[in-house]
Structure formats: C-alpha cells, structure tokens
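Structure record follows, encoded as structure tokens.
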Amino acid sequence: MMRILKYVALDIIKNKIIIAYAIMLALFSWSAFGLEDNAAKGLLTVLNIVLLTVPLMSVLFATIYVYNSSEFIELLLSHPIKRSKIWKALFIGLSLSMVAAYVFGAGIPLFIFAEWDIALMTIAVGSLLSVIFVAIAFLSSIITRDKAKGIGTSIMLWLYFALLFDGLVLFLFFQFADYPIEKAVVFLSALSPIDLSRILILLKLDVSAMLGYTGAVFKNSFGSDWGLVLSFALLAFWALVPFYLSLRKFKSKDL
Amino acid sequence: MDIRINYRITFIIAFFLFIATENSFAKTIHVGKGKAFTSIRKALSVAQSGDTIIVNAGVYKEGNIIIDKPLHFVGKDYPILDGELKHEIISIKSDNVSVSGFRIQNSGRTAMSDPGGIKVYDAKNVTIEKNILTNNYFGIYLQYAANCIIKNNVIKASQKEENQSGNGVHCWKSDSLQIIGNKIEGHRDGIYFEFVTHSVIWRNIAKNNLRYGLHFMFSHNNAYITNYFKHNGAGVAVMFTKKVVMINNTFEENWGDATYGVLFKELSDCYLSGNRFIKNTTGIYFDGSNRITAERNLFKGNGWGMRMQANCVDITISHNNFMGNTFDVTTNGSLTLNQFFENYWDKYEGYDLDKDKIGDVPYHPLSLYAVIVEKNPPAMLLYRSFMISLLDKSEKVLPSLTPENFVDNKPRMSPYNL
C-alpha cells in the first residue's frame, strides 16, 4: 500500500496543480492579513476562503483525478493487490496532498498573524474539510462511470453544502420563527460540515458574543471540551462515511 | 488725609483679625499613637462643630464611626479604618462634613442594611475626597443627600458574585451632586443613581465592574462628561430618565451577550456628543426613547454600532463616524420616525461628483441580514455564511425588505476628525 501511496503522491506533485493551489492559498491568506488593519478581520477573510475555496478545490480536483487515473487503477487491479488497498491508498494520497497544500498555503500565515488557538482551530477544521470533500468526490466518482455526470454530482454537492443548505436553514428559521427552535437549529447546522466548521471557528472569535442565545446553546453542545470531541467526531464521520460507501461500491464494481 | 486712610486700613485689618480669631475657636484634634487621643470615637465625642480631626497613620478597628456634627475628618498618610467585614465604617449624619485621606476597607456585608465604606444619611454639603476604599460592600453610599462632592476617590472591590457585592458609588434620592475623578473597579455597578437630579459626573473611570459601569433610573437633568467605562459585565444601562447630557465619554470593550456600550431604555430629551463607542457588542441600544440628539460620536469596531427599536421617535443621528462595525445600525420594525444625516459610514460605496464631501447617492445603513437577525435572532448562526453575503449584496442593489426611509441622504465621503 505504501508503494501505491508513493506513486499517487509523486503523480500529484508532478501534476503541479496542487502546488499552484498551495501558492494561491498562500497569496490569498497573506494578502488578507496584510491588507486588513487588524488580524481579526483578516481572519474572517481567510475563513471565507476556507469555507468556499477549500471544499470546492478538494472536491473538483479529487473527482477529476479519480476519473483520470481509471487506467492506472485498472493496471493495478491486474496485479495481486487487494482492491480495498488500492482505493484506500488513492484516498490517503489525495487527502494528504490537499491537506499539505492547505497547511502550507493558509496555515503558515495563520500561525504568524492569528492567535495560537484560533489558528489551530482554523487549520484543523480546514484540513478536515479537505478530507471530507475528497471523500465526497470519491463517492460521486464511483457512483457513475460517466465523467460529466460524476463531476456534475460533485459540484452539486458542493453547491448544496456551501450555499443551498444555509438557504434551507434560513427558510426553516422563518417558517418556525414562533417556536423555540434553538436546539433544533443547532442540531441542524451540525448536519452540514461547512456550517459546523464555520461556527466552530466563529466560537473562537470575539464575534461569538453576537451569536446570542443560539450561539450559547451551540457553544454548550459543540464548543465545550466534550462538545469539541463531538464536533470533530461529526466531521470525521463526514469524511469516513462517504469514503466507506465508495469503498464498498469499489470492491464489488465491475470496472 | 493720609491719616484718615490709615485709620480705615487699620479698621479693616482689625475686622479681618476678629473674623480670623472667631474661626480659630475651632480646634484641631489629633488622633494616633502618642497623640492626645488614640481612639477616633473618643475624639469624635469630644469634638465640637467645625473642629478638625486629624487621624495619623495606623490601623483603626473601631466598628461603626458615626459623624453627627459638622467636622473635618482628615486622614494623614492614609490611616486604615477596618470594618472587619462586620460594620458599616463611616456614617455621616450631619451637614457640612468633609472626609478625606483615609484607607477604608472590609465593610460588613448584609443585604438588609446595605453597609457602605462611607454612607451619608440625609445631609448637605458633604465632601468626600481622596480616600481609598477597598473590599467594601458598598463603596460610597448617599441617601437624601444634597450639594455633596465625591472627588478623586479610588474604590475597589473584588467580589466574584453580583449578589455579594454592592455598588461603587451609590446615590439615592439626592440632588446637586458632583462626582468627579473617581476610579471604581470590581463592584456590582460602578456608579448607581436612583432619583438623583441636577448632578454632574465628570472624569470618572469605571472598569471591570461585575454588572454595569454606570446605571441610573429616574435621574433627571444630569450631565456625564469625560468618563471612561471599560470592560464592565453588562456595560452601561440607563433608564426612565429625562434631560441627560453625555459628552466626551468613552464606552469600551463591553463585550458579551446582553452587554451594551450604553442601553437607553425610555430616555427622552437627551444630548450625546463626542462620545466614543469602541469594541462593544452593541454600541448604543435605544429602546422606547424619544427626542435624542446624537452627534459627533464615534462608533468603531462594535458588533452592532447602534440598535434602534422601532418604538423610538425623533432621534437625530448626525455627523457621527461609523467604522468597522459588523452591523452599523439595525431596527426591528418597518416604521422609522428617526433621522440620519451627514454621518460617515465606512461601508458606503457611493461617489461624490460635485466634490462637496457629501455622497451623491443616499446610503441605506440597514443590511438585509441585520433585519433578518433582528426579527429572528437564531439566524445569527448563519453569520459569515456565503449565502448571507449574496442576499446582502442583492438587497443593496434592489432594496425590498429593508425599510425605505431608513436612510442617510447625505452620507459623508470622509470620516470626521473626532
């Protein structure tokens, strides 16, 4: 498996897009911190990058990469290697490179400009988001053999989590405005990895006081020590479940 | 001729000498180790009206010290009056008393009698100056007082719970007070007024208090000038009052849920100018307030610069700077009976073709998201979501949900120098 991992990693580096991605992230983050007059504002800009760009890049790159390496996969399958190992190696290789690019690009300025615990939280959450969206990409690329369909599915899923989901939540707020929906809302936001990540970072910032009662409920359930364990478990769950589903499909699929 | 003038001068001098000797009938009594008295209480019982009691350095644990005649009570090198957590320390029950230069500590703590470090009962012309009050229940407590001066005292407490702590300067049913240059820290409320009128509150610093830095009710015709309120548990809250003037105060870092730079509840006929609201969750919160003018104030780095409930009427907001606030202004209704003009808004994106420093396009300070949050507080959970930014942008171009007349028709292009 290590050998496959090595090949995958080498291949991705040779691709150069990951490097460009890292440099772009670095440019964004450095300029965000450099242009804003205080670190808190810069951090909010970086937050936007983390929540939008990182998932989009992860999901698109991974989907296309998986489709493009179908021949490589077929070649590997002709060797006496377990199917699950190939898929896992591919997943780990892609996830690692996305995470590395993110940590290199956004992590360094974060550690320099932001406070230690905020930087740590942003890096942890961004890395997990990268892995989650690689997993989602794996799922959507294994569902169909049609490349256009697969990429389409990936983009749709990204759109859903990054945009539509919040719209739905807002819609529910208005529909149930007369009811005490705080707890339900908190639970609901945990159902989207992007929302969960966003609020986890916000809770570390001063603006958390503005989140009011709902924010306090959220902090109690997801921001306390055990809450943090729970929320990271949820994020990990978001990474593992799509990947596990894709793995099951891959094992039995006639390629 | 010359002789006659000389006579007159002699007469005048003699007259003044007579007055001076009259005054010098007042004695000076020294208290302390090796002095005439070692006990303050004994000295007080001997003292006549108008005497000066000078207390020398040392620790005095004499329970409740009651001053019931006009006296000058002076501490030399900050003698310590200790209430041993049982007694009220100084009780002033006479007019024309002055207390200065003491270190007053450890007053009793009971909610029944509200013991204070220094408590004034029903007195006029009392001066409390240059004292250090530490670890008391109430710091300086005035009830039914008039024409009193509380000046340059340092008042500190370190209780953790609101219910175990009294207020730093607490005034009740008083008139014509001067509260000047005090530093108040760690009490429940820094300065607390109820039914206090015609008073001036100048150059005080209230910070790190458990509840409010300043808190008043039914206290008409007072002026608050150049005070500094920082990092108080719930900021500043003022209620049910008419004719308040606030000039040149700073409200800073009052940050937390339900914490306000200033909370105005049912205030009318007030004037605010030159105040600085910096890094508060909410800069000013207007609720049921009428006829208020706020001009040349700075709102910087607040969560909400200003929250104006729709039950406010005739509030004029002009010539202010709004910079770096998450939301500049919000309201909870569609009816707007207040006006905004010639403010500087850092979020303004208009232009100024005729170069008169006034933007040519009106500015709508209310963002869609601000309106949504005001109607539906849990929606704050969507803060910084991409969806919200999109909605805000489209609302800016084509306003549909935000009240149309909530507008600054003459937004300034550049900030005022405040």
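Here are the numbers for the structure shown:
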| quantity | calculated |
| --- | --- |
| Where B:Ser389 falls short, out of the listed (1) assigned to a helix (DSSP H, G or I); (2) of a type outside the set (Asp, Glu); (3) farther than 20 Å from A:Thr45 by Cβ | (3) |
| The stretch B:297-330: number of residues that are within 14 Å of another protein chain (Cβ to nearest Cβ) and among the hydroxyl-bearing types (Ser, Thr, Tyr) | 2 |
| Residue under evaluation B:Asp346, criteria (1) of a type in the set (D, E, K, R); (2) touching a strand residue (DSSP E or B) at 6+ places or on another chain (Cβ under 7 Å); (3) at positive phi, criterion not met | (3) |
| Qualifying residue in the stretch B:269-279 (condition: in a loop (DSSP other than H, G, I, E, B) and within 14 Å of another protein chain (Cβ to nearest Cβ)) | yes |
| Residues of the stretch A:114-137 that turn out to be within 16 Å of the chain's Cα centre (by Cα) and either farther than 17 Å from A:Ile199 by Cα or crowded, with 20+ Cβ neighbours inside 10 Å (or both), as a count | 16 |
| Yes/no for B:Leu133 being of a type in the set (A, V, I, L, M), surrounded by 23 or more Cβ atoms within 10 Å (Cβ to Cβ) and within 25 Å of B:Asn204 (Cα to Cα) | yes |
| Whichever residue in the stretch A:197-217 is assigned to a helix (DSSP H, G or I) and more than 7 Å from chain B (Cβ to nearest Cβ) and, among such residues, is modelled with the lowest pLDDT | A:Ser208 |
| Check on A:Lys204, in contact with a helix residue (DSSP H, G or I) (Cβ under 8 Å, 6 or more places away or on another chain) and touching a residue at least 24 places away in the same chain (Cβ under 8 Å) | yes |
| Every residue from the stretch B:56-106 that is polar (S, T, N, Q) and closer than 19 Å to B:Thr28 by Cα | B:Asn56, B:Ser94, B:Asn96, B:Ser98, B:Ser100 |
| Any hit, the stretch B:211-220, residues being surrounded by fewer than 24 Cβ atoms within 10 Å (Cβ to Cβ) and either modelled with pLDDT under 95 or farther than 24 Å from B:Tyr285 by Cβ (or both) | yes |
| Residue within the stretch A:223-239 that is part of a helix (DSSP H, G or I), within 13 Å of chain B (Cβ to nearest Cβ), touching a residue at least 12 places away in the same chain (Cβ under 8 Å) and within 23 Å of B:Asp257 (Cα to Cα) present | yes |
| Any hit, the stretch B:310-322, residues being closer than 28 Å to B:His187 by Cα and either hydroxyl-bearing (Ser, Thr, Tyr) or in contact (Cβ under 8 Å) with a residue 40 or more places away in the chain (or both) | no |
| Within the stretch B:350-386, tally of residues that are of a type outside the set (Val, Ile, Thr) and not in a helix (DSSP H, G or I) | 20 |
| The lone exception for B:Tyr224 - which of (1) of a type outside the set (Val, Ile, Thr); (2) over 19 Å from B:Asp269 (Cβ atoms); (3) away from chain A (no Cβ under 14 Å) it fails | (2) |
| Residues (at the interface with chain B (Cβ under 8 Å from one of its Cβ atoms) and closer than 13 Å to B:Met387 by Cβ) located in the stretch A:179-196 | A:Ser189, A:Asp195 |
| Some residue of the stretch A:168-178 being within 14 Å of another protein chain (Cβ to nearest Cβ), in contact with a Ser or Thr (Cβ under 6 Å, 6 or more places away or on another chain), assigned to a helix (DSSP H, G or I) and surrounded by 20 or more Cβ atoms within 10 Å (Cβ to Cβ) | no |
| Matching residues in the stretch A:111-135 - criterion: being in a helix (DSSP H, G or I) and within 13 Å of A:Gly42 (Cα to Cα) | A:Phe111, A:Ile112, A:Phe113, A:Ile118, A:Ala119, A:Thr122 |
| Among the residues listed as A:Thr63, A:Thr45, the single one being surrounded by 15 or more Cβ atoms within 10 Å (Cβ to Cβ) and more than 14 Å from chain B (Cβ to nearest Cβ) | A:Thr63 |
| Odd one out for A:Gly215, checked against (1) of a type in the set (Gly, Ala, Ser); (2) surrounded by 22 or more Cβ atoms within 10 Å (Cβ to Cβ); (3) closer than 19 Å to A:Ile123 by Cα | (3) |
| Criterion: modelled with pLDDT of 95 or more, of a type in the set (A, V, I, L, M), crowded, with 19+ Cβ neighbours inside 10 Å and farther than 26 Å from B:Glu62 by Cβ - qualifying residue of B:Val169, B:Val196 | B:Val196 |
| Residue in the stretch A:138-157 that is surrounded by 14 or more Cβ atoms within 10 Å (Cβ to Cβ), within 19 Å of the chain's Cα centre (by Cα) and within 13 Å of chain B (Cβ to nearest Cβ) present | no |
| Subset of the stretch B:140-157 (residues that are of a type outside the set (A, V, I, L, M) and not in a strand (DSSP E or B)) | B:Tyr144, B:Asn147, B:Cys148, B:Asn152, B:Asn153 |
| Residue match in the stretch A:96-118 (condition: among the polar types (S, T, N, Q) and modelled with pLDDT under 90) | no |
| Yes/no for A:Val54 being in contact with a Leu (Cβ under 6 Å, 6 or more places away or on another chain), within 14 Å of another protein chain (Cβ to nearest Cβ), among the β-branched types (Val, Ile, Thr) and touching a residue at least 40 places away in the same chain (Cβ under 8 Å) | yes |
| Matching residues, the stretch B:166-210, being under 13 Å from the mean Cα position of the chain (by Cα) and not in a strand (DSSP E or B) | B:Asn167, B:Gly168, B:Leu177, B:Gly181, B:Asn182, B:Asp189, B:Gly190, B:Ser199, B:Arg203, B:Asn204, B:Asn209 |
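Yes/no per residue for (1) within 14 Å of chain A (Cβ to nearest Cβ); (2) crowded, with 22+ Cβ neighbours inside 10 Å; (3) under 26 Å from A:Ala209 (Cβ atoms):
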| residue | (1), (2), (3) |
| --- | --- |
| B:Asn332 | yes, no, yes |
| B:Glu342 | no, no, no |
| B:Trp345 | no, yes, yes |
| B:Pro362 | no, no, no |
| B:Ala379 | yes, yes, yes |
| B:Arg384 | yes, no, yes |
| B:Glu395 | yes, no, yes |
| B:Pro411 | no, yes, no |
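The values are calculated or read from the model by the stated rules, or taken from the named source; none is laboratory data. Fair warning: this is a prediction, and the values are worked out from it, not measured in the lab. Note: ideal-geometry Cβ built from the backbone for every residue, glycine included; neighbour counts use all protein chains shown.
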